[in-house]
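What follows is a single structure, written as structure tokens, with notes after it.
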Amino acid sequence: MPDREKLALAALENAQQEPQMRAELTAAMHGFLAAREIKAPSSSMAIKRKLATAADFVTRARSGVVRDGYRRELEYAPEPEAPTRFAKVLLSLASGIAVARDSDAIGDDELRLVLRVALDCLPVIRRQVIAALVIGPVDVPVGDGPISTSALAGAAKVSTVAIRRALEDLQALGVVTCHKGGSGRADTWTLDEQWSAIFTLLADAARSCAAPADKSEKVDDDTFSDLSEEASHNDEASPSEDAGAVEEVVEWMA
């Protein structure tokens, strides 16, 4: 987390210098682009499929729902946002990154950056819910069954009320499933099977953006769920490793 006071002091030091700074940045960018070969990079069908899957998930998970203005009760969820425009935006961004790197094709590095940007387009609370559902609370490993609202709130470090509303929104949009606990028992939640792979990709993106990317790591062509062995919480993972993963992902989500 950056030092907020230092940021404010730096802004004050640069006060009244914005026009000159913008002009210098413009000139530098023009020079940078002039040295590049402006040619649209190619993109494989595998890359396009990954971008399409990410666009489908993100636009659905960020879509709005209608709640009562007074009681804030969920009334209904309109048809989710179509993924078409967002998919083209992601492809354009990936192409721009490839051009800046003098690459004639969109590769794994460009894909990783674009997927991070796509997942950042989710509302903050929903991102925190997704992170908690991917990793799970330390005492409730993923795969051991549904997770309670309070456990998710603890993992995401957000109030139970806010988490419940985000979960209800995601349920209405067809992203998560609620298991009613009945009288005196808490509701629990699980990932919708259709989106489990992209949820796993979210955890991998959170970790890869917290440290320099390993260029030897490749994005698998068959499934998003193979991207992160650590995110799958296999049986060999220790409790301390699980706890570290929770803190890392939730800190990034915040």
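General remarks:
- Some residue of the stretch 14-26 being under 28 Å from Ser196 (Cβ atoms) and surrounded by fewer than 16 Cβ atoms within 10 Å (Cβ to Cβ): no
- Against the conditions (1) among the hydroxyl-bearing types (Ser, Thr, Tyr); (2) at pLDDT below 95; (3) under 22 Å from the mean Cα position of the chain (by Cα), Tyr76 satisfies every one except (3).
- Residue count for the stretch 173-191, restricted to those that are touching a helix residue (DSSP H, G or I) at 6+ places or on another chain (Cβ under 9 Å) and either farther than 16 Å from Ser150 by Cα or in a strand (DSSP E or B) (or both): 10.
- Cross-chain or 6+ apart pairs with Cβ under 8 Å, the stretch 146-172 first and at positive phi and in contact (Cβ under 8 Å) with a residue 40 or more places away in the chain, then surrounded by fewer than 18 Cβ atoms within 10 Å (Cβ to Cβ) and outside any helix (DSSP H, G or I): Lys157/Ala254
- Taking residues in the stretch 46-72 that are closer than 12 Å to Leu122 by Cα and touching a residue at least 40 places away in the same chain (Cβ under 8 Å), and partners anywhere that are among the hydrophobic types (A, V, I, L, M, F, W, C) and surrounded by fewer than 17 Cβ atoms within 10 Å (Cβ to Cβ), the pairs with Cβ atoms closer than 8 Å and at least 6 places apart or on different chains are Val58/Cys121; Arg62/Cys121.
- In the stretch 108-131, the residues that are surrounded by 19 or more Cβ atoms within 10 Å (Cβ to Cβ) and within 20 Å of Ile38 (Cα to Cα): Glu110, Leu111, Val114
The values are calculated or read from the model by the stated rules, or taken from the named source; none is laboratory data. Given the structure is predicted, the values throughout are model-derived calculations rather than measurements. Note that each Cβ is placed from the backbone with ideal geometry, even for glycine, and that neighbours are counted across all protein chains shown.
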